[in-house]
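The values are calculated or read from the model by the stated rules, or taken from the named source; none is laboratory data. Here the structure is a predicted model, which is why all the values come from computation and not from measurement. Quick reminder, even Gly has a Cβ in these numbers, built from the backbone with ideal geometry, and neighbours come from all protein chains shown.
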Amino acid sequence: MTEVLVRSRLVPNIHLIRLRAPGIARACRPGQFIMVMADPESERIPLSVADWDADEGSVTAVFQIVGTSTRKLSGLAAGDRLHACAGPLGRPSEIGAFGTVLLVAGCYGLAALHPAARELRRQGNRLILLADVKSRPLLYWEDRYRRFCDRIVLASRDPGAAFQTYASEAVAAVAAEEGRLDRVMVSGCAYLLAAVSEATRPLGIPTVVSLNPIMVDGTGMCGACRCSVGGSTRFACVDGPDFDGHQVDWPELFRRRAAYLEEEVRSLCRFEKESLP
Ligand SMILES: Cc1cc2nc3c(=O)[nH]c(=O)nc-3n(C[C@H](O)[C@H](O)[C@H](O)COP(=O)(O)OP(=O)(O)OC[C@H]3O[C@@H](n4cnc5c(N)ncnc54)[C@H](O)[C@@H]3O)c2cc1C
Ligand code: FES
């Protein structure tokens, strides 16, 4: 059982959860994730580690409500207990002195890239955040990113936004303005990862995506997170989650992510005690 220290709403549909997890906090590195179970009946779901505090012994994740498990997490309060929390899992992100790095983030990805931003800054990179949000009020943690980033660019569908479009369509313009991008890192929904990878491919910019296939055990044993990268089979939980976005077989990833759609809808209806429409 893992104690919930904080559970709060950041913006509509996106919540923060801070857990007492001293072992994870001591070992965690940017790009890694935890597997959590809200209660004994819940599925195990992966959440990126958004922050940690080794002194307090706490780990923070940020999640978007999409189905039953995330809905359950959003109902927890400080003092409640999670049935299980395991981690840190996955390979840490590769962080180096790359030069100019563009971080592209949407929904939970803004929080997921936060530890990498902090570390990239420490290593002296020039950092630009390109945040993809439907509308400006949905942007969270701007204050945190201001500490690390040289520029924050918003791609939103608001009239008057700097880029009134999706982040993937703004990448080329940001690259042209900067003159040179040495690396792009992307986190958020699978469509954002794929679209940004397609946008950077013709520009020849190395692009690392934090891949999000369905995971079950998170330790390389079940095969649920199988994906194809550069023609080879990889398990995202142990070989990733970071991969070269230009090498990912995106159609396969989308197919596998949608494998349980019917069960997910049924589960949510059961949880909300509603029958299917
Ligand atoms: C390495 C990794 C890190 C992630 N980090 C975050 C994060 O920091 N914040 C966040 O909000 N989300 C994150 N996700 C996605 C998150 O795990 C799913 O949104 C969550 O599992 C959905 O569960 P649900 O029951 O609420 O929704 P469901 O209704 O069960 O599923 C909704 C959709 O989420 C995906 N999904 C469902 N179950 C899983 C699963 N076990 N593993 C992965 N994807 C699943 C499927 O595409 C599905 O169609 C991450 C995924 C991966 C693989
Ligand atoms: S989640 Fe089971 S092998 Fe990756």
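Do we find that residue 117 is assigned to a helix (DSSP H, G or I), crowded, with 17+ Cβ neighbours inside 10 Å, free of Cβ contacts under 8 Å to residues at least 40 places away in the same chain and of a type in the set (A, V, I, L, M) in this structure?
Values: assigned to a helix (DSSP H, G or I): yes; crowded, with 17+ Cβ neighbours inside 10 Å: yes; free of Cβ contacts under 8 Å to residues at least 40 places away in the same chain: yes; of a type in the set (A, V, I, L, M): yes.
Judged against the criteria, residue 117 is a match.
Under 6 Å between Cβ atoms, which residue pairs at least 6 apart in sequence (or on different chains) link something in region 134-152 that is outside the structural domain of residue 11 (by TED's automatic domain parsing) and free of Cβ contacts under 8 Å to residues at least 24 places away in the same chain with a partner that is surrounded by fewer than 19 Cβ atoms within 10 Å (Cβ to Cβ) and assigned to a helix (DSSP H, G or I)?
none
Among the residues of region 25-38, is any part of a helix (DSSP H, G or I) and not aliphatic (A, V, I, L, M)? It would help to see each step written out before you state the result.
Kept after step one, since they are part of a helix (DSSP H, G or I), are these residues of region 25-38: 25-27.
From what is left, the residues that are not aliphatic (A, V, I, L, M) are 26.
Yes.
Residue check: is residue 227 within 16 Å of ligand 2 (Cβ to nearest atom) and surrounded by 14 or more Cβ atoms within 10 Å (Cβ to Cβ)? Break it down into steps so the answer makes sense when it comes.
Details: within 16 Å of ligand 2 (Cβ to nearest atom): yes; surrounded by 14 or more Cβ atoms within 10 Å (Cβ to Cβ): yes.
Yes.
Of all the residues that make up region 1-24, how many are small (Gly, Ala, Ser) and touching a Leu at 6+ places or on another chain (Cβ under 9 Å)? Show your work before the answer.
Within region 1-24, the subset small (Gly, Ala, Ser) is 8, 21, 23.
Still in the list and also touching a Leu at 6+ places or on another chain (Cβ under 9 Å): 8.
Residues flagged as small (Gly, Ala, Ser) and touching a Leu at 6+ places or on another chain (Cβ under 9 Å) within region 1-24 amount to 1.
Taking region 193-208 as the search range and keeping residues that are under 13 Å from residue 247 (Cβ atoms) and of a type outside the set (D, E, K, R), which one is surrounded by the fewest Cβ atoms within 10 Å (Cβ to Cβ)? Give the steps one after another, and end with the answer.
Our first condition is that a residue be under 13 Å from residue 247 (Cβ atoms); within region 193-208, this holds for 193-194, 197-198, 200-201, 206-208.
Applying the additional criterion that residues be of a type outside the set (D, E, K, R) yields 193-194, 197, 200, 206-208.
Numbers: 193: 27, 194: 19, 197: 25, 200: 24, 206: 15, 207: 27, 208: 24.
Step by step, filter region 193-208, then rank; the result is 206.
Please identify the pairs in which a residue from region 184-202 that is over 12 Å from residue 106 (Cβ atoms) and at pLDDT 95 or above has its Cβ atom under 9 Å from the Cβ atom of a residue that is basic (Lys, Arg) and not in a loop (DSSP other than H, G, I, E, B), counting only partners at least 6 apart or on another chain.
As it stands, the answer is none, since no pair meets every condition given.
Of 20, 122, which residue is assigned by TED's automatic domain parsing to the domain that holds residue 151 and either free of Cβ contacts under 8 Å to residues at least 12 places away in the same chain or more than 30 Å from residue 179 (Cα to Cα) (or both)? Spell out how you get there, then give the answer.
On the way: 20 fails: assigned by TED's automatic domain parsing to the domain that holds residue 151.
122 is the lone residue from the list that is assigned by TED's automatic domain parsing to the domain that holds residue 151 and either free of Cβ contacts under 8 Å to residues at least 12 places away in the same chain or more than 30 Å from residue 179 (Cα to Cα) (or both).
From the list 203, 181, 192, which residue is more than 12 Å from ligand 1 (Cβ to nearest atom), in the same structural domain as residue 101 (by TED's automatic domain parsing), within 18 Å of the chain's Cα centre (by Cα) and among the hydrophobic types (A, V, I, L, M, F, W, C)? Break it down into steps so the answer makes sense when it comes.
Numbers: 203 fails: within 18 Å of the chain's Cα centre (by Cα); 181 fails: within 18 Å of the chain's Cα centre (by Cα).
Going through 203, 181, 192 in turn, the sole match is 192.
Residue by residue through region 150-191, note down the ones that are surrounded by fewer than 22 Cβ atoms within 10 Å (Cβ to Cβ) and touching a Cys at 6+ places or on another chain (Cβ under 8 Å). Reasoning before the result, please.
Restricting attention to region 150-191, the residues satisfying the condition of being surrounded by fewer than 22 Cβ atoms within 10 Å (Cβ to Cβ) are 150-154, 157-166, 169, 172-180, 182-183, 189-191.
Answer for region 150-191, where residues must be surrounded by fewer than 22 Cβ atoms within 10 Å (Cβ to Cβ) and touching a Cys at 6+ places or on another chain (Cβ under 8 Å): just 189.
Looking at residue 243, is it of a type in the set (Phe, Trp, Tyr), at pLDDT 95 or above and assigned to a strand (DSSP E or B)? Give the derivation first.
Working: of a type in the set (Phe, Trp, Tyr): yes; at pLDDT 95 or above: yes; assigned to a strand (DSSP E or B): yes.
Against the criterion (of a type in the set (Phe, Trp, Tyr), at pLDDT 95 or above and assigned to a strand (DSSP E or B)), residue 243 qualifies.
Can you name the residue in region 256-273 that is among the charged types (D, E, K, R) and within 9 Å of ligand 1 (Cβ to nearest atom) and is also farthest from residue 38 (Cα to Cα) among such residues?
Here is the first cut: in region 256-273, the ones among the charged types (D, E, K, R) are 256-257, 262-264, 266, 270, 272-273.
Add one more test, that the residue is within 9 Å of ligand 1 (Cβ to nearest atom), and what stays is 256-257, 263-264.
Details: 256: 24, 257: 21, 263: 18, 264: 16 Å.
So the residue we want is 256.
Of the numbered conditions (1) modelled with pLDDT of 95 or more; (2) more than 20 Å from residue 240 (Cα to Cα), residue 13 fails exactly one; give the number of that condition.
Status for residue 13: all satisfied but (1).
Out of the residues in region 125-163 that are touching a Ser or Thr at 6+ places or on another chain (Cβ under 9 Å) and basic (Lys, Arg), which is modelled with the lowest pLDDT? Spell out how you get there, then give the answer.
So in region 125-163, the residues touching a Ser or Thr at 6+ places or on another chain (Cβ under 9 Å) come out as 125-128, 131-136, 138-139, 150, 155-158, 161-163.
Add one more test, that the residue is basic (Lys, Arg), and what stays is 126, 134, 136, 157.
Values: 126: 97, 134: 90, 136: 90, 157: 87.
Ranking the candidates gives 157 first.
Among the numbered criteria (1) over 21 Å from residue 24 (Cβ atoms); (2) over 19 Å from the mean Cα position of the chain (by Cα); (3) touching a residue at least 40 places away in the same chain (Cβ under 8 Å); (4) within 16 Å of ligand 1 (Cβ to nearest atom), which one does residue 65 miss?
So residue 65 meets the others, but not (2).
Could you pull out the residue among 7, 71, 20, 26 that is more than 10 Å from ligand 1 (Cβ to nearest atom) and surrounded by fewer than 17 Cβ atoms within 10 Å (Cβ to Cβ)? Steps first, answer last, please.
Values: 7 fails: surrounded by fewer than 17 Cβ atoms within 10 Å (Cβ to Cβ); 71 fails: more than 10 Å from ligand 1 (Cβ to nearest atom); 20 fails: surrounded by fewer than 17 Cβ atoms within 10 Å (Cβ to Cβ).
After ruling out the rest, the residue left standing is 26.
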